[in-house]
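Okay, so here's the structure we're looking at.
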Amino acid sequence: SVPSLFSVPTVAFRVVKFRRTGESARSDEDGVSGEHEVQIEGVRAELEPVELGDGAAVPKEFANPTDDTFMVEDAVEAIGFGKFQWKLSVITGLAWANAMEMMILSILAPQLHCEWRLPSWQVALLTSVVFVGMMSSSTLWGNISDQYGRKTGLKISVLWTLYYGILSGFAPIYSWILVLRGLVGFGIGGVPQSVTLYAEFLPMKARAKCILLIEVFWALGTVFEVLLAVVVMPTLGWRWLLILSALPLLLFAGLCFWLPESARYDVLSGNQEKALATLKRIATENGAPMPLGKLVISRQEDRGKMRDLFTPHFRWTTLLLWFIWFSNAFSYYGLVLLTTELFQAGDVCSISSRRQEVKAKCSLTCEYLTEEDYTDLLWTTLSEFPGVLVTLWIIDRIGRKKTMALSFLVFSLCSLLLFLCVGRNVLTVLLFIARAFISGGFQAAYVYTPEVYPTATRALGLGTCSGMARVGALITPFIAQVMLESSVYLTLLVYSGCCLLAALASCFLPIETKGRGLQESSHKEWGQEMVGRGSHSPGESQE
(Lines give C-alpha, C1' and ligand atoms only; values in the text may rest on other atoms or scores of the structure.)
Protein backbone atom coordinates (compact mmCIF):
# COMPACT_ATOMS: atom_id res chain seq x y z
CA SER A 1 0.00 0.00 0.00
CA VAL A 2 1.08 3.58 -0.54
CA PRO A 3 -0.01 6.74 1.27
CA SER A 4 -2.93 8.62 -0.19
CA LEU A 5 -1.77 11.61 -2.26
CA PHE A 6 -3.96 14.69 -2.43
CA SER A 7 -3.10 17.43 -4.89
CA VAL A 8 -4.52 20.93 -4.97
CA PRO A 9 -4.36 23.18 -8.10
CA THR A 10 -3.03 26.67 -7.99
CA VAL A 11 -6.32 28.04 -9.37
CA ALA A 12 -9.73 28.27 -7.74
CA PHE A 13 -10.85 24.85 -8.92
CA ARG A 14 -9.69 21.86 -6.83
CA VAL A 15 -8.15 18.88 -8.63
CA VAL A 16 -7.63 15.76 -6.57
CA LYS A 17 -5.31 12.87 -7.20
CA PHE A 18 -6.07 9.68 -5.25
CA ARG A 19 -4.74 6.15 -5.03
CA ARG A 20 -6.79 3.50 -3.32
CA THR A 21 -5.01 1.91 -0.35
CA GLY A 22 -3.94 -1.66 -0.98
CA GLU A 23 -4.62 -1.47 -4.72
CA SER A 24 -2.01 -3.05 -6.93
CA ALA A 25 -0.14 -0.69 -9.23
CA ARG A 26 -0.24 -3.40 -11.91
CA SER A 27 -3.44 -4.83 -13.37
CA ASP A 28 -3.76 -7.90 -15.50
CA GLU A 29 -6.64 -6.35 -17.43
CA ASP A 30 -5.33 -2.92 -18.45
CA GLY A 31 -1.85 -2.64 -17.02
CA VAL A 32 -2.57 0.87 -15.78
CA SER A 33 -1.91 2.41 -12.42
CA GLY A 34 -4.55 2.43 -9.69
CA GLU A 35 -4.13 6.22 -9.59
CA HIS A 36 -7.13 8.30 -10.71
CA GLU A 37 -7.33 11.96 -11.56
CA VAL A 38 -10.42 14.13 -11.81
CA GLN A 39 -10.28 17.53 -13.48
CA ILE A 40 -12.84 20.24 -14.13
CA GLU A 41 -13.42 20.37 -17.89
CA GLY A 42 -11.51 23.14 -19.59
CA VAL A 43 -9.22 23.81 -16.67
CA ARG A 44 -5.56 22.74 -16.62
CA ALA A 45 -3.71 23.30 -13.43
CA GLU A 46 -0.42 22.24 -11.95
CA LEU A 47 -0.93 19.71 -9.15
CA GLU A 48 0.69 20.20 -5.78
CA PRO A 49 0.94 16.84 -3.95
CA VAL A 50 -0.02 16.84 -0.28
CA GLU A 51 1.08 13.75 1.66
CA LEU A 52 -0.53 12.77 4.95
CA GLY A 53 1.72 12.29 7.99
CA ASP A 54 1.87 9.05 9.96
CA GLY A 55 -1.44 8.22 11.62
CA ALA A 56 -3.18 11.31 10.23
CA ALA A 57 -6.85 10.95 9.29
CA VAL A 58 -8.03 11.91 5.82
CA PRO A 59 -9.51 15.46 5.89
CA LYS A 60 -13.26 15.56 5.27
CA GLU A 61 -12.91 17.46 2.01
CA PHE A 62 -10.44 14.83 0.74
CA ALA A 63 -12.16 11.65 2.00
CA ASN A 64 -12.12 9.49 -1.13
CA PRO A 65 -13.52 12.28 -3.35
CA THR A 66 -12.87 10.77 -6.75
CA ASP A 67 -14.36 7.25 -6.45
CA ASP A 68 -18.00 6.36 -5.97
CA THR A 69 -16.92 3.10 -4.28
CA PHE A 70 -14.45 2.17 -1.57
CA MET A 71 -13.13 -1.01 0.09
CA VAL A 72 -12.81 -1.85 3.79
CA GLU A 73 -9.06 -1.25 3.49
CA ASP A 74 -9.74 2.30 2.24
CA ALA A 75 -12.07 2.99 5.16
CA VAL A 76 -9.68 1.60 7.78
CA GLU A 77 -6.83 3.70 6.40
CA ALA A 78 -9.01 6.84 6.09
CA ILE A 79 -10.46 6.56 9.60
CA GLY A 80 -7.04 5.88 11.12
CA PHE A 81 -6.09 4.92 14.67
CA GLY A 82 -8.13 6.36 17.51
CA LYS A 83 -10.29 5.77 20.56
CA PHE A 84 -11.93 2.65 19.12
CA GLN A 85 -8.57 0.91 18.60
CA TRP A 86 -7.43 1.81 22.12
CA LYS A 87 -10.52 0.14 23.60
CA LEU A 88 -10.02 -2.85 21.32
CA SER A 89 -6.38 -3.09 22.44
CA VAL A 90 -7.37 -3.42 26.10
CA ILE A 91 -10.13 -5.98 25.55
CA THR A 92 -8.16 -8.24 23.18
CA GLY A 93 -5.18 -7.79 25.50
CA LEU A 94 -7.17 -9.30 28.37
CA ALA A 95 -7.70 -12.42 26.27
CA TRP A 96 -3.98 -12.39 25.50
CA ALA A 97 -3.19 -12.40 29.23
CA ASN A 98 -3.94 -16.15 29.12
CA ALA A 99 -0.14 -16.31 29.44
CA MET A 100 -0.99 -16.86 33.11
CA GLU A 101 -2.44 -20.25 32.20
CA MET A 102 0.86 -21.11 30.48
CA MET A 103 3.24 -19.66 33.06
CA ILE A 104 1.52 -21.63 35.80
CA LEU A 105 2.89 -24.85 34.27
CA SER A 106 6.44 -24.14 35.46
CA ILE A 107 5.13 -23.37 38.96
CA LEU A 108 2.56 -26.16 39.25
CA ALA A 109 4.84 -28.97 38.04
CA PRO A 110 7.36 -29.02 40.96
CA GLN A 111 4.54 -28.45 43.48
CA LEU A 112 2.49 -31.48 42.35
CA HIS A 113 5.68 -33.51 41.91
CA CYS A 114 6.24 -33.14 45.65
CA GLU A 115 2.66 -33.05 46.94
CA TRP A 116 1.34 -36.04 44.96
CA ARG A 117 4.72 -37.86 44.70
CA LEU A 118 4.61 -37.94 40.91
CA PRO A 119 7.44 -39.48 38.85
CA SER A 120 9.14 -37.16 36.35
CA TRP A 121 7.30 -38.56 33.31
CA GLN A 122 3.92 -37.78 34.89
CA VAL A 123 5.09 -34.24 35.66
CA ALA A 124 6.13 -33.82 32.01
CA LEU A 125 2.78 -35.28 30.86
CA LEU A 126 0.90 -32.71 32.95
CA THR A 127 2.58 -29.98 30.92
CA SER A 128 2.27 -31.77 27.59
CA VAL A 129 -1.47 -32.47 27.90
CA VAL A 130 -2.13 -28.71 27.83
CA PHE A 131 -0.30 -28.47 24.52
CA VAL A 132 -2.10 -31.55 23.19
CA GLY A 133 -5.36 -29.66 23.75
CA MET A 134 -3.99 -26.54 22.07
CA MET A 135 -2.56 -28.48 19.14
CA SER A 136 -5.80 -30.38 18.50
CA SER A 137 -7.97 -27.26 18.63
CA SER A 138 -5.92 -24.48 16.97
CA THR A 139 -6.93 -25.38 13.40
CA LEU A 140 -10.53 -25.95 14.52
CA TRP A 141 -10.75 -22.48 16.10
CA GLY A 142 -9.20 -20.97 12.97
CA ASN A 143 -11.79 -22.70 10.81
CA ILE A 144 -14.63 -21.53 13.09
CA SER A 145 -13.30 -17.95 12.93
CA ASP A 146 -13.16 -18.03 9.11
CA GLN A 147 -16.57 -19.70 8.76
CA TYR A 148 -18.62 -18.04 11.52
CA GLY A 149 -16.69 -14.89 12.44
CA ARG A 150 -13.66 -13.79 14.43
CA LYS A 151 -15.74 -12.56 17.37
CA THR A 152 -17.68 -15.85 17.63
CA GLY A 153 -14.57 -18.02 17.68
CA LEU A 154 -12.78 -15.81 20.20
CA LYS A 155 -15.71 -15.56 22.63
CA ILE A 156 -16.36 -19.30 22.70
CA SER A 157 -12.68 -20.17 23.19
CA VAL A 158 -12.20 -17.68 26.05
CA LEU A 159 -15.36 -18.79 27.89
CA TRP A 160 -14.30 -22.44 27.46
CA THR A 161 -10.83 -21.70 28.90
CA LEU A 162 -12.31 -19.74 31.81
CA TYR A 163 -14.74 -22.53 32.76
CA TYR A 164 -12.26 -25.41 32.74
CA GLY A 165 -9.48 -23.25 34.24
CA ILE A 166 -11.58 -22.66 37.35
CA LEU A 167 -12.74 -26.29 37.47
CA SER A 168 -9.14 -27.58 37.43
CA GLY A 169 -8.60 -25.92 40.82
CA PHE A 170 -11.02 -28.47 42.30
CA ALA A 171 -9.35 -31.59 40.83
CA PRO A 172 -9.13 -34.28 43.58
CA ILE A 173 -6.61 -36.61 41.90
CA TYR A 174 -3.94 -36.62 39.18
CA SER A 175 -6.17 -38.09 36.43
CA TRP A 176 -8.77 -35.37 36.98
CA ILE A 177 -6.32 -32.49 36.72
CA LEU A 178 -4.75 -34.15 33.66
CA VAL A 179 -8.10 -34.16 31.82
CA LEU A 180 -9.14 -30.68 33.00
CA ARG A 181 -5.83 -29.06 32.05
CA GLY A 182 -6.12 -30.74 28.64
CA LEU A 183 -9.53 -29.08 28.22
CA VAL A 184 -8.01 -25.74 29.27
CA GLY A 185 -5.43 -26.24 26.53
CA PHE A 186 -8.23 -26.94 24.04
CA GLY A 187 -9.71 -23.51 24.81
CA ILE A 188 -6.37 -21.66 24.78
CA GLY A 189 -5.88 -22.89 21.21
CA GLY A 190 -8.48 -20.33 20.06
CA VAL A 191 -7.16 -17.30 21.94
CA PRO A 192 -4.62 -16.35 19.20
CA GLN A 193 -7.64 -15.47 17.05
CA SER A 194 -7.76 -12.24 19.07
CA VAL A 195 -4.77 -11.16 16.93
CA THR A 196 -6.75 -11.86 13.74
CA LEU A 197 -9.69 -9.73 14.94
CA TYR A 198 -7.38 -6.98 16.19
CA ALA A 199 -5.20 -6.80 13.07
CA GLU A 200 -8.21 -6.41 10.76
CA PHE A 201 -9.18 -3.13 12.46
CA LEU A 202 -5.70 -1.55 12.29
CA PRO A 203 -4.39 0.88 9.65
CA MET A 204 -1.22 -0.27 7.91
CA LYS A 205 1.27 2.09 9.58
CA ALA A 206 0.07 1.23 13.08
CA ARG A 207 -0.37 -2.52 12.61
CA ALA A 208 3.04 -3.88 13.64
CA LYS A 209 3.40 -1.55 16.62
CA CYS A 210 -0.11 -2.24 17.90
CA ILE A 211 0.11 -6.04 17.61
CA LEU A 212 3.40 -5.90 19.48
CA LEU A 213 1.89 -3.67 22.14
CA ILE A 214 -0.93 -6.08 22.93
CA GLU A 215 1.84 -8.66 23.38
CA VAL A 216 2.66 -6.58 26.47
CA PHE A 217 -0.44 -8.17 27.99
CA TRP A 218 1.24 -11.57 27.56
CA ALA A 219 4.28 -10.25 29.41
CA LEU A 220 2.07 -8.68 32.10
CA GLY A 221 0.26 -12.01 32.47
CA THR A 222 3.49 -13.94 33.07
CA VAL A 223 4.77 -11.37 35.59
CA PHE A 224 1.42 -11.26 37.41
CA GLU A 225 1.39 -15.07 37.59
CA VAL A 226 4.79 -15.19 39.32
CA LEU A 227 3.80 -12.42 41.75
CA LEU A 228 0.51 -14.19 42.43
CA ALA A 229 2.37 -17.44 43.09
CA VAL A 230 4.71 -15.72 45.59
CA VAL A 231 1.68 -14.55 47.59
CA VAL A 232 -0.74 -17.46 47.11
CA MET A 233 1.42 -20.61 47.11
CA PRO A 234 2.78 -20.36 50.70
CA THR A 235 -0.65 -19.52 52.15
CA LEU A 236 -3.59 -20.73 50.05
CA GLY A 237 -1.84 -23.35 47.88
CA TRP A 238 -1.90 -24.31 44.20
CA ARG A 239 -5.69 -24.76 43.94
CA TRP A 240 -6.35 -21.09 44.65
CA LEU A 241 -3.53 -20.17 42.27
CA LEU A 242 -5.35 -22.02 39.47
CA ILE A 243 -8.66 -20.30 40.27
CA LEU A 244 -7.22 -16.77 40.59
CA SER A 245 -5.21 -17.20 37.38
CA ALA A 246 -8.50 -17.06 35.46
CA LEU A 247 -9.15 -13.42 36.49
CA PRO A 248 -8.12 -11.73 33.19
CA LEU A 249 -10.35 -14.10 31.22
CA LEU A 250 -13.20 -13.34 33.60
CA LEU A 251 -12.76 -9.62 32.87
CA PHE A 252 -12.73 -10.33 29.14
CA ALA A 253 -15.94 -12.37 29.45
CA GLY A 254 -17.65 -9.34 31.00
CA LEU A 255 -16.42 -6.92 28.31
CA CYS A 256 -16.44 -9.06 25.15
CA PHE A 257 -20.02 -8.12 24.22
CA TRP A 258 -18.69 -4.68 23.23
CA LEU A 259 -16.53 -6.29 20.53
CA PRO A 260 -17.74 -5.81 16.95
CA GLU A 261 -17.32 -8.42 14.23
CA SER A 262 -14.51 -7.78 11.76
CA ALA A 263 -15.74 -5.58 8.88
CA ARG A 264 -13.36 -7.44 6.54
CA TYR A 265 -15.00 -10.74 7.49
CA ASP A 266 -18.52 -9.28 7.08
CA VAL A 267 -17.74 -7.99 3.59
CA LEU A 268 -16.22 -11.30 2.52
CA SER A 269 -19.28 -13.18 3.84
CA GLY A 270 -21.68 -10.80 2.03
CA ASN A 271 -22.91 -8.79 5.06
CA GLN A 272 -22.41 -5.36 3.53
CA GLU A 273 -24.85 -3.53 5.82
CA LYS A 274 -23.25 -4.94 8.96
CA ALA A 275 -19.74 -4.09 7.74
CA LEU A 276 -20.78 -0.54 6.87
CA ALA A 277 -22.43 -0.09 10.30
CA THR A 278 -19.20 -1.28 11.98
CA LEU A 279 -17.08 1.15 9.96
CA LYS A 280 -19.44 4.04 10.75
CA ARG A 281 -19.24 3.12 14.44
CA ILE A 282 -15.42 3.24 14.32
CA ALA A 283 -15.46 6.56 12.44
CA THR A 284 -17.84 8.05 15.02
CA GLU A 285 -15.74 6.89 17.98
CA ASN A 286 -12.53 8.13 16.35
CA GLY A 287 -14.09 11.44 15.24
CA ALA A 288 -12.95 10.82 11.65
CA PRO A 289 -14.85 11.00 8.33
CA MET A 290 -16.03 7.97 6.40
CA PRO A 291 -14.90 7.67 2.76
CA LEU A 292 -17.57 8.86 0.32
CA GLY A 293 -19.41 6.45 -1.96
CA LYS A 294 -20.57 2.86 -1.69
CA LEU A 295 -18.78 0.01 0.11
CA VAL A 296 -17.62 -2.62 -2.38
CA ILE A 297 -18.45 -6.25 -1.62
CA SER A 298 -15.58 -8.60 -2.41
CA ARG A 299 -16.15 -11.50 -4.74
CA GLN A 300 -17.51 -14.34 -2.59
CA GLU A 301 -14.91 -17.02 -1.85
CA ASP A 302 -14.84 -20.24 0.09
CA ARG A 303 -13.55 -19.41 3.55
CA GLY A 304 -11.41 -21.49 5.86
CA LYS A 305 -10.30 -24.08 3.27
CA MET A 306 -7.01 -25.85 4.05
CA ARG A 307 -6.15 -26.22 0.35
CA ASP A 308 -5.93 -22.42 0.03
CA LEU A 309 -2.86 -22.46 2.29
CA PHE A 310 -1.05 -24.55 -0.33
CA THR A 311 -1.76 -22.59 -3.51
CA PRO A 312 1.37 -21.65 -5.52
CA HIS A 313 1.38 -18.18 -3.88
CA PHE A 314 1.48 -19.52 -0.31
CA ARG A 315 2.84 -23.09 -0.39
CA TRP A 316 6.39 -22.30 0.71
CA THR A 317 5.25 -19.55 3.05
CA THR A 318 2.95 -21.99 4.87
CA LEU A 319 5.56 -24.74 5.23
CA LEU A 320 8.30 -22.39 6.41
CA LEU A 321 5.94 -20.64 8.84
CA TRP A 322 4.92 -23.97 10.32
CA PHE A 323 8.55 -24.75 11.12
CA ILE A 324 9.19 -21.23 12.45
CA TRP A 325 6.18 -21.43 14.78
CA PHE A 326 7.19 -24.94 15.87
CA SER A 327 10.70 -23.72 16.73
CA ASN A 328 9.40 -20.63 18.51
CA ALA A 329 7.15 -22.54 20.90
CA PHE A 330 9.61 -25.43 21.29
CA SER A 331 12.36 -23.01 22.38
CA TYR A 332 10.23 -20.52 24.33
CA TYR A 333 8.46 -23.06 26.55
CA GLY A 334 11.62 -25.14 26.77
CA LEU A 335 13.40 -22.13 28.22
CA VAL A 336 10.54 -21.49 30.67
CA LEU A 337 10.83 -25.06 31.97
CA LEU A 338 14.64 -25.08 31.88
CA THR A 339 14.74 -21.89 33.94
CA THR A 340 13.11 -23.64 36.90
CA GLU A 341 15.50 -26.61 36.63
CA LEU A 342 18.61 -24.44 36.25
CA PHE A 343 17.73 -22.18 39.16
CA GLN A 344 17.14 -25.15 41.44
CA ALA A 345 20.58 -26.53 40.48
CA GLY A 346 22.46 -23.20 40.50
CA ASP A 347 24.14 -23.62 37.10
CA VAL A 348 24.59 -26.10 34.23
CA CYS A 349 27.58 -27.85 35.81
CA SER A 350 25.68 -28.29 39.08
CA ILE A 351 22.87 -30.02 37.18
CA SER A 352 25.36 -32.51 35.76
CA SER A 353 26.92 -33.27 39.14
CA ARG A 354 23.56 -33.34 40.91
CA ARG A 355 22.20 -35.87 38.42
CA GLN A 356 25.13 -38.11 39.25
CA GLU A 357 24.44 -37.77 42.97
CA VAL A 358 20.74 -38.63 42.74
CA LYS A 359 21.12 -41.36 40.13
CA ALA A 360 20.59 -44.08 42.69
CA LYS A 361 17.81 -42.22 44.50
CA CYS A 362 14.08 -42.75 44.02
CA SER A 363 12.55 -40.89 41.07
CA LEU A 364 10.09 -39.31 43.51
CA THR A 365 12.83 -37.11 45.01
CA CYS A 366 11.55 -33.55 44.86
CA GLU A 367 12.35 -29.97 45.76
CA TYR A 368 9.83 -27.18 46.35
CA LEU A 369 10.46 -23.81 44.74
CA THR A 370 12.19 -21.45 47.18
CA GLU A 371 11.77 -17.70 47.57
CA GLU A 372 15.06 -17.21 45.68
CA ASP A 373 13.73 -19.39 42.83
CA TYR A 374 10.61 -17.24 42.58
CA THR A 375 12.72 -14.06 42.58
CA ASP A 376 14.94 -15.28 39.75
CA LEU A 377 11.90 -16.59 37.89
CA LEU A 378 10.42 -13.09 38.15
CA TRP A 379 13.60 -11.49 36.75
CA THR A 380 13.67 -13.77 33.72
CA THR A 381 9.93 -13.22 33.21
CA LEU A 382 10.50 -9.44 33.18
CA SER A 383 12.69 -10.00 30.11
CA GLU A 384 9.45 -10.22 28.10
CA PHE A 385 9.26 -6.39 28.24
CA PRO A 386 12.70 -5.66 26.73
CA GLY A 387 11.82 -8.32 24.14
CA VAL A 388 8.75 -6.30 23.13
CA LEU A 389 10.73 -3.04 23.04
CA VAL A 390 13.58 -4.45 20.94
CA THR A 391 11.13 -6.03 18.47
CA LEU A 392 9.09 -2.82 18.37
CA TRP A 393 12.21 -0.83 17.49
CA ILE A 394 13.55 -3.09 14.74
CA ILE A 395 10.50 -4.67 13.08
CA ASP A 396 9.63 -1.66 10.89
CA ARG A 397 13.31 -0.90 10.26
CA ILE A 398 14.71 -4.23 9.11
CA GLY A 399 11.42 -6.02 8.32
CA ARG A 400 9.54 -8.99 9.73
CA LYS A 401 11.75 -11.73 8.25
CA LYS A 402 15.06 -10.33 9.52
CA THR A 403 13.55 -9.62 12.95
CA MET A 404 12.58 -13.28 13.35
CA ALA A 405 15.97 -14.47 12.06
CA LEU A 406 17.87 -12.18 14.48
CA SER A 407 15.76 -13.36 17.43
CA PHE A 408 16.51 -17.02 16.69
CA LEU A 409 20.25 -16.35 16.26
CA VAL A 410 20.60 -14.52 19.61
CA PHE A 411 18.67 -17.28 21.42
CA SER A 412 20.91 -19.92 19.84
CA LEU A 413 24.05 -18.06 20.93
CA CYS A 414 22.81 -17.71 24.53
CA SER A 415 21.99 -21.43 24.61
CA LEU A 416 25.55 -22.28 23.57
CA LEU A 417 27.00 -19.90 26.20
CA LEU A 418 25.13 -21.89 28.87
CA PHE A 419 27.64 -24.69 28.20
CA LEU A 420 30.08 -22.67 30.32
CA CYS A 421 30.05 -23.24 34.07
CA VAL A 422 28.87 -19.72 34.86
CA GLY A 423 27.66 -18.52 38.25
CA ARG A 424 24.04 -17.87 39.13
CA ASN A 425 24.21 -14.14 38.26
CA VAL A 426 25.62 -14.71 34.77
CA LEU A 427 23.14 -17.58 34.33
CA THR A 428 20.29 -15.18 35.13
CA VAL A 429 21.59 -12.62 32.60
CA LEU A 430 21.92 -15.24 29.81
CA LEU A 431 18.44 -16.59 30.49
CA PHE A 432 17.11 -13.00 30.54
CA ILE A 433 18.60 -12.21 27.10
CA ALA A 434 17.56 -15.55 25.60
CA ARG A 435 13.97 -15.16 26.77
CA ALA A 436 13.79 -11.53 25.61
CA PHE A 437 14.77 -12.47 22.06
CA ILE A 438 12.79 -15.72 21.71
CA SER A 439 9.66 -13.92 22.95
CA GLY A 440 10.47 -11.13 20.47
CA GLY A 441 10.65 -13.71 17.68
CA PHE A 442 7.27 -15.07 18.74
CA GLN A 443 5.82 -11.56 18.64
CA ALA A 444 7.25 -10.92 15.18
CA ALA A 445 5.61 -14.16 13.96
CA TYR A 446 2.27 -12.92 15.32
CA VAL A 447 2.70 -9.73 13.30
CA TYR A 448 3.82 -11.45 10.09
CA THR A 449 1.31 -14.33 9.89
CA PRO A 450 -1.99 -12.34 9.79
CA GLU A 451 -0.37 -9.93 7.31
CA VAL A 452 0.72 -12.57 4.82
CA TYR A 453 -2.59 -14.47 4.40
CA PRO A 454 -5.77 -13.09 2.71
CA THR A 455 -8.97 -12.51 4.67
CA ALA A 456 -10.56 -15.76 3.48
CA THR A 457 -7.82 -17.88 5.12
CA ARG A 458 -6.26 -15.48 7.64
CA ALA A 459 -7.74 -17.09 10.75
CA LEU A 460 -7.09 -20.61 9.44
CA GLY A 461 -3.49 -19.70 8.54
CA LEU A 462 -2.89 -18.32 12.02
CA GLY A 463 -4.68 -21.31 13.54
CA THR A 464 -2.59 -23.92 11.73
CA CYS A 465 0.62 -22.07 12.60
CA SER A 466 -0.50 -21.94 16.22
CA GLY A 467 -1.24 -25.67 16.03
CA MET A 468 2.31 -26.37 14.82
CA ALA A 469 3.61 -24.25 17.68
CA ARG A 470 1.75 -26.50 20.09
CA VAL A 471 3.44 -29.54 18.59
CA GLY A 472 6.74 -27.95 19.58
CA ALA A 473 5.39 -27.08 23.02
CA LEU A 474 4.09 -30.65 23.39
CA ILE A 475 7.52 -32.15 22.75
CA THR A 476 9.56 -29.66 24.76
CA PRO A 477 8.77 -30.94 28.31
CA PHE A 478 10.36 -34.28 27.42
CA ILE A 479 13.49 -32.42 26.31
CA ALA A 480 13.64 -29.79 29.09
CA GLN A 481 12.65 -32.16 31.90
CA VAL A 482 13.29 -35.78 30.86
CA MET A 483 16.31 -35.53 28.49
CA LEU A 484 17.85 -33.10 30.96
CA GLU A 485 18.24 -35.99 33.39
CA SER A 486 20.50 -37.78 30.90
CA SER A 487 22.51 -34.89 29.44
CA VAL A 488 22.14 -31.16 30.01
CA TYR A 489 24.56 -30.43 27.15
CA LEU A 490 22.59 -32.48 24.62
CA THR A 491 19.44 -30.67 25.77
CA LEU A 492 20.98 -27.24 25.15
CA LEU A 493 22.38 -28.40 21.80
CA VAL A 494 18.91 -29.48 20.63
CA TYR A 495 17.45 -26.03 21.39
CA SER A 496 20.38 -24.17 19.84
CA GLY A 497 20.33 -26.26 16.63
CA CYS A 498 16.57 -25.91 16.23
CA CYS A 499 16.79 -22.11 16.44
CA LEU A 500 19.64 -21.95 13.92
CA LEU A 501 17.46 -23.81 11.40
CA ALA A 502 14.53 -21.51 12.21
CA ALA A 503 16.72 -18.45 11.52
CA LEU A 504 17.48 -19.88 8.07
CA ALA A 505 13.77 -20.59 7.48
CA SER A 506 12.95 -16.95 8.34
CA CYS A 507 15.41 -15.71 5.72
CA PHE A 508 13.93 -18.01 3.05
CA LEU A 509 10.34 -16.79 3.49
CA PRO A 510 9.32 -15.60 -0.01
CA ILE A 511 7.17 -12.62 1.09
CA GLU A 512 8.14 -9.59 3.20
CA THR A 513 4.99 -7.91 4.54
CA LYS A 514 6.60 -4.71 5.83
CA GLY A 515 4.69 -1.72 4.41
CA ARG A 516 1.94 -3.81 2.78
CA GLY A 517 -1.82 -3.70 3.21
CA LEU A 518 -3.80 -6.73 4.33
CA GLN A 519 -4.97 -8.91 1.46
CA GLU A 520 -8.73 -8.91 1.01
CA SER A 521 -8.75 -11.52 -1.75
CA SER A 522 -6.65 -14.46 -2.85
CA HIS A 523 -6.93 -13.36 -6.51
CA LYS A 524 -3.77 -13.40 -8.57
CA GLU A 525 -3.19 -9.66 -8.53
CA TRP A 526 -3.29 -9.61 -4.74
CA GLY A 527 -0.61 -12.28 -4.65
CA GLN A 528 1.47 -10.04 -6.87
CA GLU A 529 0.82 -7.07 -4.62
CA MET A 530 2.12 -8.96 -1.59
CA VAL A 531 5.33 -10.12 -3.32
CA GLY A 532 6.09 -6.67 -4.71
CA ARG A 533 5.09 -4.53 -7.64
CA GLY A 534 8.41 -4.00 -9.26
CA SER A 535 10.00 -7.44 -9.12
CA HIS A 536 7.54 -9.36 -11.33
CA SER A 537 5.53 -8.82 -14.42
CA PRO A 538 1.85 -9.80 -14.37
CA GLY A 539 2.43 -13.02 -16.19
CA GLU A 540 5.28 -14.32 -14.07
CA SER A 541 4.94 -17.06 -11.49
CA GLN A 542 4.93 -15.92 -7.90
CA GLU A 543 6.25 -19.11 -6.37
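When all alpha-carbon pairs of region 228-281 are counted, what percent fall beyond 14 Å?
Of all Cα-Cα distances in region 228-281, 66 percent exceed 14 Å.
Mind putting together the pair-distance distribution for region 109-215? All Cα pairs, 10 Å bins, whole percent per bin, short to long.
In whole percents, the pair-distance histogram is 15, 36, 28, 16, 6, 0.
What translational D, rounded to a whole number of µm²/s, comes out for region 65-300 from Stokes-Einstein when the hydrodynamic radius is the Kirkwood one over Cα pairs, at 25 °C and 0.890 mPa s?
128 µm²/s
So, in nm, how far is label Ser136 from label Ile394 when the simple model puts each one 7 Å beyond its Cα toward the Cβ?
Distance between label points: 3.8 nm.
Dipole magnitude of region 65-300 about its Cα centre, charges +1 at Lys/Arg Cβ and -1 at Asp/Glu Cβ only, in debye to the nearest 20?
Using Cβ point charges on Lys, Arg, Asp and Glu, region 65-300 gives about 240 debye.
Rounded to the nearest whole Å², what accessible area per residue is found for region 65-300 with the 1.4 Å probe?
Accessible area per residue, region 65-300: 34 Å².
If R0 is 56 Å, what FRET efficiency do you get for Cys507 and Lys87 from their C-beta distance, rounded to 0.05?
Efficiency, from the Cβ-Cβ distance: 0.90.
Which cross-chain or sequence-distant (5 or more) residues have an amide H under 5 Å from the amide H of Phe70, H modelled 1.01 Å from N in plane?
Lys294, Leu295, Val296
Of all the accessible heavy-atom surface of region 210-328, with the other protein chains kept in place and a 1.4 Å probe, what percent is carbon and sulfur?
68 percent
The values are calculated or read from the model by the stated rules, or taken from the named source; none is laboratory data. It should be emphasised that the depicted structure is a prediction, and the values quoted were computed from it without experimental measurement. Using ideal geometry, Cβ is built from the backbone for each residue, glycine included, and neighbour counts are taken over all protein chains shown. To get the accessible areas, we keep the full protein, side chains included, count just its heavy atoms, and leave off ligands, DNA and RNA. Shrake-Rupley method; radii C 1.70, N 1.55, O 1.52, S 1.80 Å.
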